[in-house]
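All of the numbers you see were taken from the coordinates with simple rules; none came from a lab. Just so it is clear, the structure is predicted and the values come from calculations on it, not from any experiment. FYI the Cβ positions are ideal-geometry reconstructions off the backbone, even for glycines, and counts take in every protein chain you see.
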Amino acid sequence: MLGLGADLLWADMNRLLAFLFHQGVLDEQFLQLQQLQDETSPNFVSEVVNIYFHESEKLLTNLRALLMEREFSDYKKMGIHLNQFMGSSSSIGAKRVRNVCVAFRAATQQNNRAGCLRALEMLEHEYCYLKNKLHELFQIEQQRALAAGVRYPAQN
Amino acid sequence: MIVMANNKISALIVDDDSIIRKIHKTMLERLFNIEAETVKDGKEAVELCRSGANFDIIFMDREMPIMDGAEATKQLRAMGVKSTIVGITTRAGGEDREEFLAAGSNHCFEKPLDRAKVEVVLREHKKFTI
């Protein structure tokens, strides 16, 4: 049936979103982001999220490089990276990533290198999970848009 | 319901994060019909205002390189800038808020800036009526 593919994909999308909200991976800020998407910018959410991925990976690389330095002591610089990560994560609704950044920042404020290392691993894990799930969401969205855009000739 | 009175509101978004500048600009324009310019640190904001640009509202990030939000707010007030200044910080605790308010900002919110927070600011603005 014509609309069934698009409807099923729509249900899949909503199920995945509900799951991500329930797990605390995303919060209502993600919904606010979706509300900014319209016909004039139909890819707004994926554009913003892709910039977020690009910037986040740079931040994670910088954080790991700092912590791996033999004579590491620049907790202040680490705090600056974390502030940026926190800000961008909260702005796209990436709640769990943001929360790990808060714990990570607390470890930097205590000059706790071991704590920072643990927090970094957790952050990398949460970020990876978020990225995979959002990619999955965007893929379903693309498939739905394709399915909804298919036209068949009328049957007489 | 908030209704816009005579003129369009103008805003300046000051944040070193390109993602946040994009989201905030789009939110202000799409949800509130507010024209928004963006700059990436406090020094640029100060120089823009010094050059004669006027904004009804300035959304000012706290943590920025070159010049942070509290310092930029202080300098803007010292220049006589009367815009509503809204400080935005990643810290929930009172220290940043106190610093922003002491520097002369009208509000200070924790990130993210969302619809409800913008409405709080607009309710106090003379260009809006309820």
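Here are a few things to note about the model shown:
- With at most 14 neighbouring Cβ atoms within 10 Å, loop trypsin sites (Lys or Arg not before Pro) (DSSP) excluded, longest segment of chain B: B:9-81
- Plainly put, the range B:5-130 has a radius of gyration that is 0.93 times its Kirkwood radius, both from alpha-carbon atoms, as the Rg/Rh ratio.
- Each label was represented as a point 7 Å from its Cα along the Cα-to-Cβ direction; for A:His135 and B:Leu31 these points are 3.0 nm apart.
- Relative to the Cα centre, the charge distribution of chain B, modelled as +1 at Lys and Arg Cβ and -1 at Asp and Glu Cβ, gives a dipole magnitude of about 520 debye.
- A Förster distance of 22 Å, applied to the separation of the beta-carbon atoms of A:Lys58 and A:Glu121, puts the FRET efficiency at 0.75.
- Here each label is just a point 7 Å from Cα along the line to Cβ, and for A:Ala18 and B:Met79 those points are 5.2 nm apart.
- Percent of beta bridges antiparallel (DSSP, chain B, rounded to nearest 5): 10 percent
- Antiparallel bridge percentage (DSSP; both residues within the protein assembly as shown; nearest 5): 20 percent
- Across peptide B:24-30, the mean count of Cβ atoms from other chains lying within 10 Å of each residue's own Cβ comes to 3.
- Gained length - A:Arg113 relative to A:Leu4, 0.36 nm times residue gap less alpha-carbon distance: 33.9 nm
- Gain upon complete extension [B:Val120, B:Ala102; 0.36 nm per residue less C-alpha separation]: 4.5 nm
- P(r) of the range A:1-105 over all Cα-Cα pairs, binned every 10 Å from zero, in whole percent: 13, 35, 29, 15, 6, 2, 0
- Restricting the range A:50-104 to GluC sites (Glu not before Pro) that sit in a DSSP loop and have at most 16 other Cβ atoms within 10 Å of their own Cβ leaves A:Glu69, A:Glu71.
- Sorted on the mean count of surrounding Cβ atoms within 10 Å across their residues, most packed first, peptides A:99-105, A:42-48 read A:99-105, A:42-48.
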